[in-house]
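The values are calculated or read from the model by the stated rules, or taken from the named source; none is laboratory data. Nothing here was measured: the structure is a model prediction, and the numbers come from that model. With ideal geometry, Cβ positions are generated from the backbone for all residues, glycine too; neighbour counts draw on all protein chains shown. The area values use the complete protein model at the heavy-atom level, side chains included, leaving out ligands, DNA and RNA. Shrake-Rupley method; radii C 1.70, N 1.55, O 1.52, S 1.80 Å.
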Amino acid sequence: AQTVTQSQPEMSVQEAETVTLSCTYDTSENNYYLFWYKQPPSRQMILVIRQEAYKQQNATENRFSVNFQKAAKSFSLKISDSQLGDTAMYFCAFIDSGGSNYKLTFGKGTLLTVNP
Amino acid sequence: NAGVTQTPKFRILKIGQSMTLQCAQDMNHNYMYWYRQDPGMGLKLIYYSVGAGITDKGEVPNGYNVSRSTTEDFPLRLELAAPSQTSVYFCASSYSGLAGGNEQFFGPGTRLTVL
């Protein structure tokens, strides 16, 4: 069974600085997708970034980028130039590309606070 | 587009009562999902649907039922509420299956307390 581990329950960062959230996962599959979802205090979860395992290039979306280390099964999220609106719970998630179409496995989340 | 909408936002139930959590999406998505989120935990899948008339159990289906009579609506029914069902419930949808890396769109959630 796949597992997703987020080892940092809480983190904080000063506005305009850079922060990295860690995520590790365990799988025996070769092709899969990884996601970072953001859940702000208003609670509606939104997709931040996704990475397909067979793509070696790290995904980037504006100030958000990932460091995907397939051999180490690590998928960290880097937020550059942190903004107050980045304050949220961040969830790492995994799905096996060859498996079921619904079984998305979530980590327990990291609560990020951006301080002014 | 309203996206995924859920009602109610908050609800307090007494043990043994029943209720239906409503979920609707206006994006013509085939797949819909119900999750629960307990404090300090990730989301757990309760039920999912791949289209109108087709539903199946997720990880934690006990105590819940669903139906999908239309593409747009996917209500979650709690029968005989128990304190263990105190949680935040999220409905989500996607155009097709998640194994292709497709994005899920989430509703704002329903905070349910069972006393």
Inspect all residues belonging to the range B:55-70 and state whether any of them is out of contact with any Asp or Glu (no Cβ under 8 Å at 6 or more places or on another chain), touching a residue at least 40 places away in the same chain (Cβ under 8 Å) and hydroxyl-bearing (Ser, Thr, Tyr).
no
Looking at A:93, A:88, A:71, can you tell me which residue is more than 21 Å from residue B:99 (Cβ to Cβ), of a type in the set (Gly, Ala, Ser) and buried (at least 17 other Cβ atoms within 10 Å of the Cβ)?
A:88
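Per-residue answers, yes or no, for (1) in contact with a strand residue (DSSP E or B) (Cβ under 6 Å, 6 or more places away or on another chain); (2) outside any loop (DSSP other than H, G, I, E, B); (3) among the small types (Gly, Ala, Ser):
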| site | (1), (2), (3) |
| --- | --- |
| A:36 | yes, yes, no |
| A:54 | no, no, no |
| A:66 | yes, yes, no |
| A:93 | yes, yes, yes |
| A:111 | yes, yes, no |
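Determine if the range A:25-38 includes at least one residue that is more than 14 Å from chain B (Cβ to nearest Cβ) and surrounded by 11 or more Cβ atoms within 10 Å (Cβ to Cβ).
Checking the range A:25-38: at least one residue is more than 14 Å from chain B (Cβ to nearest Cβ) and surrounded by 11 or more Cβ atoms within 10 Å (Cβ to Cβ).
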Given the conditions (1) closer than 19 Å to residue A:104 by Cα; (2) open to solvent by 20 Å² or more (accessible area, probe 1.4 Å); (3) more than 10 Å from the chain's Cα centre (by Cα), and given that residue A:45 satisfies all but one, which numbered condition is not satisfied?
(2)
With (1) open to solvent by less than 80 Å² (accessible area, probe 1.4 Å); (2) of a type in the set (Phe, Trp, Tyr); (3) more than 24 Å from residue B:93 (Cβ to Cβ) as the list, and residue A:64 as the residue in question, which single condition is left unmet?
(3)
Here is a list: A:76, A:82, A:100. Which entry is polar (S, T, N, Q), in a loop (DSSP other than H, G, I, E, B), touching a residue at least 24 places away in the same chain (Cβ under 8 Å) and open to solvent by less than 50 Å² (accessible area, probe 1.4 Å)?
A:82
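Listed here are the residues, each with its yes/no results for (1) in contact with a helix residue (DSSP H, G or I) (Cβ under 8 Å, 6 or more places away or on another chain); (2) of a type in the set (A, V, I, L, M); (3) within 14 Å of residue A:19 (Cβ to Cβ).
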residue	(1), (2), (3)
A:40	yes, no, no
A:56	no, no, no
A:64	no, no, yes
A:68	no, no, no
A:82	no, no, yes
A:91	no, no, no
Within the range A:6-24, count every residue that is within 12 Å of residue A:107 (Cα to Cα) and open to solvent by 80 Å² or more (accessible area, probe 1.4 Å).
2
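Select from the range B:49-80 the residues that are touching a Gly at 6+ places or on another chain (Cβ under 8 Å) and at pLDDT 95 or above and write down the one among them that is most open to solvent (accessible area, probe 1.4 Å).
Here the residue is B:69.
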List the residue pairs whose Cβ atoms are under 7 Å apart, where the first residue sits in the range B:8-33 and is under 11 Å from residue B:110 (Cβ atoms) and more than 14 Å from every other protein chain (Cβ to nearest Cβ), the second is open to solvent by 50 Å² or more (accessible area, probe 1.4 Å) and at pLDDT 95 or above, and the two are 6 or more positions apart or on different chains.
B:19/B:11; B:20/B:77; B:22/B:7
Pairing a residue in the range A:31-46 that is over 16 Å from residue B:104 (Cβ atoms) with any residue that is part of a loop (DSSP other than H, G, I, E, B) and of a type in the set (Phe, Trp, Tyr), where Cβ atoms lie under 9 Å and the two sit 6 or more apart in sequence or on different chains, gives A:31/A:54
Just give me the residues in the range A:4-60 being out of contact with any Ser or Thr (no Cβ under 7 Å at 6 or more places or on another chain) and among the hydroxyl-bearing types (Ser, Thr, Tyr), in sequence order.
A:27, A:28, A:37, A:42, A:54, A:60
